[in-house]
Structure formats: structure tokens, C-alpha cells
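K.L.:
Sharing a structure here in C-alpha cells format.
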Protein chains: 2
Amino acid sequence: MREHFELRHTDVAGRIGELTVPRAGVTVETPALMPVINPNIETVAPARLEEEFDAQVLITNSYIIRSTEGLRERALDEGLHEMLDFSGAIVTDSGSFQLAEYGEIDVTTREIVEFQRDIGSDIGTPVDIPTPPDVSREQAERELRETEQALADAEAVDVGEMLVNAPVQGSTHPDLREEAARNAYATDLDVFPVGAVVPLMNSYRYAEMIDVVAAAKRGLGVDAPVHLFGAGHPMMFALAAAMGCDLFDSAAYALYARDDRYLTVRGTEHLADLDYLPCECPVCATHAPADLRARDDAERERLLAEHNLHVSFGELRRVKQAIRGGNLLELVEARARGHPAMLDGYRALLTHADQLEREDHVSKDAFFYLSTESARRPEVRRHHARLDRLPVTGEVLLTEGKGGSEAYDHVWRVLPPFGPFPRELSDVYPLTAETPERVDSAAQEAAARGVTRLVEGNPDAAFTLAHDDWDAAALVLVPDSVTLRNRVVDTE
Amino acid sequence: MREHFELRHTDVAGRIGELTVPRAGVTVETPALMPVINPNIETVAPARLEEEFDAQVLITNSYIIRSTEGLRERALDEGLHEMLDFSGAIVTDSGSFQLAEYGEIDVTTREIVEFQRDIGSDIGTPVDIPTPPDVSREQAERELRETEQALADAEAVDVGEMLVNAPVQGSTHPDLREEAARNAYATDLDVFPVGAVVPLMNSYRYAEMIDVVAAAKRGLGVDAPVHLFGAGHPMMFALAAAMGCDLFDSAAYALYARDDRYLTVRGTEHLADLDYLPCECPVCATHAPADLRARDDAERERLLAEHNLHVSFGELRRVKQAIRGGNLLELVEARARGHPAMLDGYRALLTHADQLEREDHVSKDAFFYLSTESARRPEVRRHHARLDRLPVTGEVLLTEGKGGSEAYDHVWRVLPPFGPFPRELSDVYPLTAETPERVDSAAQEAAARGVTRLVEGNPDAAFTLAHDDWDAAALVLVPDSVTLRNRVVDTE
Ligand SMILES: [Mg+2]
Ligand SMILES: [Mg+2]
Ligand SMILES: [Zn+2]
Ligand SMILES: [Zn+2]
């Protein structure tokens with residue numbers, strides 16, 4: 001058990017947790033967003049992040065601090081918290097990015113971890129190798145050995161109360177990511193960044209991002225806090241949280257603002273293209289696009305950064321509320337409609353249904369059927385698996401109708417996408433589902449697969465299916481032994 | 001041509017327009033949201049609505065004013081604008097609601113329209129009969145005759161510069177709604193409320209609401225400003241705007257606040273159920289749910305009303321920005337995932353594809369394929385219709401691949417959900433579409449229907465379809481005369 005991280009609530013693979021950061025003396029509620037502070041450029045002051053945006057944790061770069069004359073001395077002298085004027089948890093990166101960018105850096109893991117300890121970082125980082133996507137297996141494996149050595153070197157440093165990141169690399173090779181995660185989890189280190197996914201996010205390869213995270217999660221214990229490194233766009237917070245990511249970091253809020261780019265939960269807009277500000281935040285409620293365009297560069301950048309922060313923290317609250325309400329997948333459904341690549345990401349998530357199992361989660365909210373993707377949700381698969389274990393005998397009517405019938409030994413309800421179930425389960429999640437009146441073929445096909453599971457598990461029973469005019473694509477999936485009755489077309 | 005209303009931009013059946021309100025001397029940009037002011041209960045002062053929320057128009061009830069001793073005299077004396085302290089346009093309702101609720105009211109259309117004129121209303125309303133959903137055709141027709149008489153009575157009043165509403169009734173009978181709209185449009189009256197849809201919205205019957213609006217729109221000229229009467233929940237603004245609604249009114253912001261209910265673009269939350277405030281507005285950015293719960297009733301009601309207003313006006317900006325960007329249906333896609341009944345509403349909208357035709361709208365944004373519903377968007381149908389008029393001869397390769405082939409006379413591209421097109425059209429909307437990598441059967445089936453249209457229009461050409469491993473459900477739709485090649489499975 002990881003002693004610094006405790007899970008409080010879960011939904012899908014998403015969770016609300018508490019990360020105890022002993023050196024800062026704070027507990028950070030996850031999912032958490034860590035604004036990235038460039039020690040050389042202040043867009044929004046850390047004290048304002050803490051007071052106005054309720055940021056509990058931020059991340060800055062110890063390599064830049066160490067390489068910059070004045071900063072290095074101040075950090076060693078005052079400590080990071082005083083230098084940045086921030087009382088929450090401070091995470092420090094190590095220079096891995098600079099290593100990847102420039103080919104070498106002038107510091108070892110031991111040196112940078114000791115420096116991070118000395119400047120008062122709360123969570124330090126070794127110099128891992130951020131292997132980019134799409135490299136050969138050989139390169140990914142070779143670089144993984146270097147990352148593992150960096151983790152071992154970090155473990156050997158006497159860090160006191162400082163927590164230490166154990167980055168998980170492996171490029172786009174799922175088995176390497178899983179192996180790297182398993183090895184990282186076996187160390188004494190504390191937090192697990194999934195690294196080098198920024199190139200995937202920048203090119204909208206959200207499906208592959210999900211596959212990478214899913215692979216890493218398979219190698220980590222459920223008690224491992226996972227940081228999706230470089231993930232700062234609010235459009236994918238719900239998706240990534242549903243796959244089990246606990247920490248996000250945003251440089252985007254400031255970098256995008258510098259380019260007049262405006263974040264939304266559905267994508268990115270350019271200020272030049274906006275005729276209206278499509279947001280409720282304090283900036284957008286009191287300015288028109290023309291007001292912002294008329295400001296000088298610094299002022300406009302600050303206002304856009306504030307908007308970007310508001311929408312990022314607001315989306316994080318939405319994600320957390322969805323986890324508490326047990327409707328995180330419903331939020332993912334909505335976010336999947338922001339861009340076709342987000343739909344790909346959601347479709348990829350659903351292929352990992354085995355990893356999305358919820359422990360007996362008592363949900364206040366009903367399952368909402370919101371798209372043909374909903375037919376592939378884990379709840380549907382779980383219901384089908386349960387049908388294998390539900391015995392039934394004699395003459396059995398499976399019907400979409402409400403009434404019973406004395407002509408049968410048993411009358412079960414049928415609800416697309418779940419399929420058949422005994423009426424006693426009608427009040428049990430997920431069979432309390434809200435479904436559309438205009439049923440689609442995907443829901444009927446999933447229900448037909450449920451019928452098949454039940455029929456196969458009960459070869460001695462005789463089944464009749466009374467359906468509401470299902471599509472041929474669904475009916476063809478029902479075993480031939482089942483008597484079909486169309487409740488809409490047939491007269492009884 | 002209705003002289004008080006001009007269209008500026010359109011997308012789907014949605015539009016940005018300008019409603020000139022001569023008596024107030026203002027031009028209201030539509031879609032517009034009119035907060036409802038109860039003359040007896042002030043939740044948020046009209047002056048604040050104007051200053052802080054940028055409300056350009058509000059609506060109040062002239063019947064209540066006329067029936068309330070002190071108010072009646074003040075309104076006649078000072079005029080509505082001074083009494084309410086609001087300089088934008090003021091719409092007045094007539095007491096129809098009270099008539100429906102209590103069976104009779106003590107005022108005629110002539111009297112109430114004259115009263116509205118006398119108190120300085122900018123848009124008045126006759127006493128129409130708000131026939132509820134699901135009544136018999138006979139009742140709906142009978143009450144429609146009374147509503148038509150009320151319209152005629154209002155026309156006969158000398159109202160000066162005041163505009164006058166011409167409500168469209170007809171219950172849930174589409175042909176009656178269409179006829180009522182045609183008759184209303186034939187009067188000299190100015191604004192067209194679609195009436196008595198509140199019961200549909202309250203019971204989440206969004207599909208039927210869309211059918212009712214679609215019917216009314218068929219009877220109205222495109223230049224008629226349409227008010228979806230009683231529609232104040234931001235979750236359905238995008239859907240209703242896409243069907244061509246220009247005006248919304250919100251009593252919800254105040255009524256919901258009184259019950260501790262919190263509006264979002266995905267539905268309604270109860271304050272008691274919230275662990276986080278899932279919103280970016282100035283209220284939610286500075287309060288936690290516990291802060292709100294700790295306030296006294298009046299203060300909590302005001303703060304919740306402010307949140308409800310912020311999210312309503314924010315969503316309206318989002319809708320307007322989407323119309324400008326040509327991506328209103330993409331916003332509807334996202335909103336359809338708020339509740340299964342919203343999905344029903346979107347599916348109903350798509351059945352009115354003939355009414356959603358856009359005039360040669362040059363869109364900056366690409367068509368986004370975001371769900372299996374996207375396969376039924378008007379752009380797909382329009383492309384299929386265009387295929388009837390595209391002649392092609394000889395040996396024709398239709399391929400999902402990028403390359404050409406010398407073995408064919410013509411090589412056309414195939415893109416699900418659109419189907420085939422000559423490469424010269426690749427840069428033309430909607431064929432610039434962004435589509436997911438993980439293609440679904442609905443997109444392939446739509447593309448197969450496109451292939452069929454092309455084949456049927458060119459009986460002398462010989463077609464080969466090189467597809468990326470389409471589902472059987474799609475391939476079965478392709479005419480037998482077409483040679484099939486699977487680019488994924490076949491080796492060439
Ligand atoms: Mg749920
Ligand atoms: Mg578009
Ligand atoms: Zn904003
Ligand atoms: Zn709010």
C-alpha cells in the first residue's frame with residue numbers, strides 16, 4: 001500500500017483521492033491540476049493561483065532554476081516556497097525535457113534530486129528519458145533501461161520527506177509501458193508520471209494516448225497516484241480521469257494565452273475568430289472579444305491566461321462532481337463530441353472495459369444511454385456476464401412490455417442495451433437506466449447479445465422474445481431456438 | 001418581408017438576427033434570452049440584468065401589473081421602463097397563462113393590448129389560448145379559432161410603435177401548428193411565440209418539442225422571429241436554436257434558485273447533491289457548495305439565480321459563436337449527451353433534415369463526425385442528392401485510398417459518411433470533414449448509400465469499390481453490380 005495516497009471515491013477507473021505531501025504539510029485532493037510556473041516568466045502569480053483559483057499544487061522546473069544564476073542562489077537561500085510565494089505543494093521537474101530537446105544536460109539524477117531536496121521541493125523528479133511515440137522497440141527498450149537506472153539513482157538519494165516521481169516511459173509500445181510501470185511500482189518512489197505523451201496529445205492522437213495510459217495502469221497498483229505528464233487541455237480531463245489519471249499539469253494556460261488561444265472544454269479557439277466569448281468565467285462575463293483584442297499584449301495575455309485557468313479548474317470540478325455522482329462516463333460522452341479525435345479516445349477507452357470495472361459502486365445517478373457508444377459501456381458487459389449465472393427454467397417470456405403473462409413460467413423484462421433480466425432487478429443499477437424513446441440498432445444488438453448469453457446458459461428453458469420492432473441487424477443475433485414476437489407490428 | 005427582423009448569419013435552421021424594437025429604440029441581437037421579471041418578486045434587479053449580464057430584453061406580465069393596485073397606477077404613471085429601471089426592450093405577456101390556469105380572466109385582448117400600449121410595453125401580447133399537449137384534435141382546433149380571434153382583435157388595436165406577438169398554438173398536432181403558424185404569419189403582427197410547449201419541456205419530451213417547432217416553422221416565413229415560449233433551460237438552447245428559435249425566456253433562473261436548483265448545460269443539479277460547483281462563473285469561481293448552503297435563504301437564492309443567469313447567458317454566447325463558426329450541429333451533438341431525452345430531441349431534429357438546409361453557407365469550420373447521428377446530418381443527405389447529378393463514365397474506381405490508378409478511367413475518393421466524390425471536391429465543404437480513425441458502421445452504411453446513388457445515376461459505368469474493411473451491414477447496401485475490394489484484408 002502506498003502510504004501517501006488514499007482513494008476516497010471511484011467511478012469507472014477514475015477516482016477522487018488524497019495525496020499527502022509531508023514536506024509541504026498539505027493534502028492534495030486529486031484529480032488535481034498543477035499549473036506550470038516558468039521561473040523566468042510570471043503570467044499569473046502563484047499567490048493568485050492559490051487564492052483565486054484554489055490551486056493546491058504547482059510544478060516548476062528545477063533544472064532551469066539550477067542553470068539560472070540569480071534563481072539558483074535565491075532558491076537555495078530562501079527555498080522554493082518563499083521564492084515563488086506559494087504555500088501548497090510544489091513539484092519540480094528535472095530537465096528531462098531539456099535532455100530530450102538538446103541531447104544532453106549537465107546534471108545527473110543524483111545531482112538534480114539532491115538540488116531539488118535542497119531547494120525545498122515537495123515532489124522531486126529523476127532525469128528519465130522521455131522516449132517519443134513511434135520509435136523502434138529497440139530504442140524504446142534501450143531508453144527504458146536508462147530511465148530505470150535514473151529511478152534507481154533517485155532511490156539511492158537521501159531525500160528526507162520529499163516525495164519522488166517515478167516516470168513511466170516506453171513510447172507507444174503497450175507491453176513496454178506496462179513493464180516500465182511494473183518496475184516503477186516496485187521501487188520505493190511515490191508518484192507515477194506517464195511520460196512523453198505530449199506529442200500524442202499535440203497531434204490529437206487521443207486513442208493512442210488512452211492505450212498508453214491503460215498499459216501503464218495495468219502495471220501499477222490501484223493505489224498508485226498517476227500523473228498524465230504534460231496534459232493541460234481541459235477537453236481531455238474527463239477522458240483521462242476516466243482511465244485513472246490523478247494529476248494533470250498545465251503549461252497550456254499560459255502558452256496558449258501568449259498565442260491568443262482560448263481553451264474550452266470542446267477544443268481551442270483563436271481570439272481572432274471569436275465574435276462572442278463562449279464561457280461563463282469572470283473574464284468572459286465582463287469582456288467582449290473586441291475588449292480583449294484592444295488590450296496591450298501583456299494585459300491580453302494575462303486575461304486569456306485567467307480565462308484558460310478558470311475553464312481548466314472549472315472542468316476539474318466538473319470531473320470531480322461526476323466521480324462523486326457516479327456519472328463520469330456521461331461527462332466523457334459529452335466531451336467525446338468536441339472533436340472526432342476525442343470520439344476516437346472514448347472508443348479506445350471502451351475497448352479497455354476490463355480495466356474500467358467499478359467496485360460495487362453505489363450510484364445515485366442512473367445510467368444514461370447517450371449514444372451508440374453507450375451500448376459498449378462496462379455496465380452492459382457486466383450485465384451480460386451476470387446473465388451467465390442467472391438460472392431460469394420452463395417457458396420464459398422476455399419482453400419489452402410492462403405486463404406479465406400467465407401463459408409463461410417466467411416473464412423477464414428486456415431493456416436495450418442490457419437485454420433480459422428478472423423484474424426484481426428493475427430497481428438495481430444499472431437497470432434503472434434512462435434510455436431514449438428513439439432506440440438505435442446498437443442498443444438492440446447489445447440486448448440481443450444479452451438474450452444469447454441467457455439462452456446459452458439455460459439450454460433446457462424455452463424462450464420467447466417479445467420485442468419492439470427491432471432492426472434485422474439485432475434479430476439476426478438472437479439464437480434460432482428463440483421464438484420471436486414483434487410487439488409493434490403483430491396483433492396479439 | 002417582416003421589416004423589424006433581419007437575418008445576419010445562419011447555420012442549420014439557426015440564425016443570428018436583429019430584431020428592431022422601435023418603441024424602445026433598440027435593436028436586439030437574436031438568439032436572445034429574456035429574463036422573466038415577476039413584478040411582485042425581484043430576485044435580480046433589472047438594472048443588474050442590463051449592466052452585469054448584458055440582457056437586452058426582458059419579459060414581464062401585464063396582467064399581473066394590471067391586477068395589482070399599486071403596480072397598475074405606477075405603470076400607467078411612470079411607464080414600464082422607469083418602473084422596472086430597464087432601458088432595453090420590454091416584452092409583456094397578457095394573462096393567457098392565468099386564463100389556462102384558472103379558466104377565466106377579467107380582461108379581453110383589446111383591453112389588455114391597450115393597457116400594454118399605455119404602460120409603454122415594447123412588444124405586447126393578445127390573450128391566446130395555450131392549448132396543452134395531447135388534447136383531442138377537436139379541442140385543439142376549437143381553441144385555435146379563439147386564438148385566431150385574439151390575433152384579429154389585437155390587429156384591430158391602434159398600438160402605435162408597439163410590436164405585437166402572434167402566438168402559435170395547436171397542441172401536439174403538427175398540421176394544426178403549421179396551419180396556426182401560416183395564419184399568424186398572414187397577420188400584420190410581428191413576433192411569433194410557439195406556445196404551450198412548457199409541459200413538453202417539463203416532462204423531457206424534447207423530441208415532440210422539436211416536432212412542434214418544426215411544424216410551426218413550416219408555416220412561418222424564414223423572416224419571422226420565433227420565440228420558444230417558456231424555454232429557459234440552457235441545456236436545450238442549442239437544440240432549439242438549431243431548429244430556428246430566436247427568442248427564449250427564462251423564469252427558470254429565479255424559480256430554480258428558489259428551490260436550490262442549479263442549472264448546467266447538461267441538466268439540473270440540486271445544491272444539496274453538489275460536492276463541487278461544476279461551473280466557471282463568478283459565483284462558482286469564488287464559492288464552494290458549503291458556502292452557499294450556509295447562506296440565509298435570500299442570499300443563497302440570489303447567488304444561485306446569478307449562477308443560473310451566468311450559465312444561461314454563457315450558453316447563449318456559445319450558441320451564437322457556433323452559428324458564426326458554422327458548427328451549431330457540433331454543439332448540439334455535445335448537448336445531446338446531457339440526457340437520453342436530449343438525444344431523442346437531436347434524433348428528432350435530424351428527421352427534419354429538409355428543413356435544416358443551409359443556403360450556400362461558407363463555413364470556416366470543418367464538418368466533424370462525432371457520433372452515429374452525424375451520419376444523418378443534412379450535409380450527408382445533400383451530398384447524396386448531389387451524386388444524382390454527377391455523371392461519370394467508363395471504368396470507375398471508388399477508393400478510400402489516397403493514390404490513383406492507371407487501370408481506371410476515373411478514380412474517385414470515398415469518405416464515410418459521405419460516400420464517393422471526384423477528388424476536385426476534396427477541398428469543398430463538407431468533404432473537408434474531420435472523421436474518427438475508428439470508423440463505425442453507421443458512417444460506412446451512409447457511404448454505401450452514396451455509392452448506390454452514384455451507381456443508379458450512371459447505369460453505363462462500371463464501378464469498383466475499394467473499401468477499408470467495411471462491416472457486412474454496409475456492404476450489403478452496395479449494388480451487386482459493383483466489384484468489391486477490401487483494401488485492408490486483400491493483398492494487391
Ligand atoms: Mg453512472
Ligand atoms: Mg459545420
Ligand atoms: Zn472565460
Ligand atoms: Zn456558476
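The values are calculated or read from the model by the stated rules, or taken from the named source; none is laboratory data. For clarity, every value in this text was computed on a predicted model and none was experimentally measured. A quick note on method: Cβ atoms are made from the backbone with ideal geometry, for glycine too, and the neighbour counts reach across all protein chains shown. Protein only, heavy atoms only, side chains kept; ligands, DNA and RNA dropped before computing areas. Shrake-Rupley method; radii C 1.70, N 1.55, O 1.52, S 1.80 Å.
K.L.:
In the stretch A:244-253, which residues are under 19 Å from A:GLU301 (Cβ atoms) and open to solvent by less than 10 Å² (accessible area, probe 1.4 Å)? Full working, then the answer.
P.N.:
So in the stretch A:244-253, the residues under 19 Å from A:GLU301 (Cβ atoms) come out as A:250-253.
A:SER250, A:TYR253 - these are the residues of the stretch A:244-253 that are under 19 Å from A:GLU301 (Cβ atoms) and open to solvent by less than 10 Å² (accessible area, probe 1.4 Å).
K.L.:
While we're on this one: Within the stretch A:141-177, take every residue that is among the hydrophobic types (A, V, I, L, M, F, W, C) and in a helix (DSSP H, G or I) and give me the one that is farthest from A:ILE105 (Cα to Cα).
P.N.:
Selected residue: A:LEU176.
K.L.:
Which one is farthest from the other protein chains (Cβ to nearest Cβ), of the residues in the stretch A:320-336 that are near ligand 1 (Cβ under 10 Å from one of its atoms) and small (Gly, Ala, Ser)?
P.N.:
Looking at residues that are near ligand 1 (Cβ under 10 Å from one of its atoms) and small (Gly, Ala, Ser), I get A:GLY326.
K.L.:
Please enumerate the residues belonging to the stretch A:257-275 that are within 26 Å of B:ARG335 (Cα to Cα) and buried (at least 21 other Cβ atoms within 10 Å of the Cβ).
P.N.:
The initial filter retains those residues of the stretch A:257-275 that are within 26 Å of B:ARG335 (Cα to Cα), namely A:261-275.
Listed by number, the residues that qualify are A:TYR262, A:LEU263, A:VAL265, A:ARG266, A:LEU274.
K.L.:
So, one more: Could you tell me which residue of the stretch B:281-319 is farthest from the other protein chains (Cβ to nearest Cβ), considering only residues that are open to solvent by 10 Å² or more (accessible area, probe 1.4 Å) and assigned to a loop (DSSP other than H, G, I, E, B)?
P.N.:
Out of the qualifying residues, it is B:ASP296.
K.L.:
On the given criteria, is A:ALA241 open to solvent by less than 40 Å² (accessible area, probe 1.4 Å) and within 14 Å of another protein chain (Cβ to nearest Cβ)?
P.N.:
Numbers: open to solvent by less than 40 Å² (accessible area, probe 1.4 Å): yes; within 14 Å of another protein chain (Cβ to nearest Cβ): yes.
So A:ALA241 fits the description; yes.
K.L.:
Now for a different question. Yes or no: the stretch A:267-274 includes at least one residue that is under 30 Å from A:PHE367 (Cβ atoms) and within 14 Å of the chain's Cα centre (by Cα). Explain how you work it out, then say what you get.
P.N.:
If we filter the stretch A:267-274 for residues that are under 30 Å from A:PHE367 (Cβ atoms), which is where we start, we get A:267.
Still in the list and also within 14 Å of the chain's Cα centre (by Cα): none.
Looking through the stretch A:267-274, none of the residues is under 30 Å from A:PHE367 (Cβ atoms) and within 14 Å of the chain's Cα centre (by Cα).
K.L.:
Does the stretch B:278-287 contain at least one residue that is assigned by the TED database to the domain that holds B:LYS217 and within 16 Å of ligand 1 (Cβ to nearest atom)? First the steps, then the outcome.
P.N.:
Keep residues of the stretch B:278-287 that are assigned by the TED database to the domain that holds B:LYS217, which gives B:278-287.
Retained after the next criterion (residues that are within 16 Å of ligand 1 (Cβ to nearest atom)): B:278.
Yes, the stretch B:278-287 contains a residue that is assigned by the TED database to the domain that holds B:LYS217 and within 16 Å of ligand 1 (Cβ to nearest atom).
K.L.:
Being assigned to a loop (DSSP other than H, G, I, E, B) and either among the acidic types (Asp, Glu) or in contact with a Phe, Trp or Tyr (Cβ under 8 Å, 6 or more places away or on another chain) (or both) is true for just one of B:PRO391, B:PRO459, B:PRO420, B:PRO436. Which residue is that?
P.N.:
Details: B:PRO391 fails: either among the acidic types (Asp, Glu) or in contact with a Phe, Trp or Tyr (Cβ under 8 Å, 6 or more places away or on another chain) (or both); B:PRO459 fails: either among the acidic types (Asp, Glu) or in contact with a Phe, Trp or Tyr (Cβ under 8 Å, 6 or more places away or on another chain) (or both); B:PRO420 fails: assigned to a loop (DSSP other than H, G, I, E, B).
Going through B:PRO391, B:PRO459, B:PRO420, B:PRO436 in turn, the sole match is B:PRO436.
K.L.:
From A:ILE41, A:ILE59, grab the single residue that is among the aliphatic types (A, V, I, L, M) and at pLDDT 95 or above. Explain how you work it out, then say what you get.
P.N.:
Details: A:ILE41 fails: at pLDDT 95 or above.
So the residue among A:ILE41, A:ILE59 that is among the aliphatic types (A, V, I, L, M) and at pLDDT 95 or above is A:ILE59.
K.L.:
Right, next: Going through the stretch B:30-67 one residue at a time, which ones are open to solvent by 10 Å² or more (accessible area, probe 1.4 Å), under 22 Å from B:ASN165 (Cβ atoms) and among the polar types (S, T, N, Q)?
P.N.:
The answer is B:ASN38, B:GLN56, B:ASN61, B:SER67.
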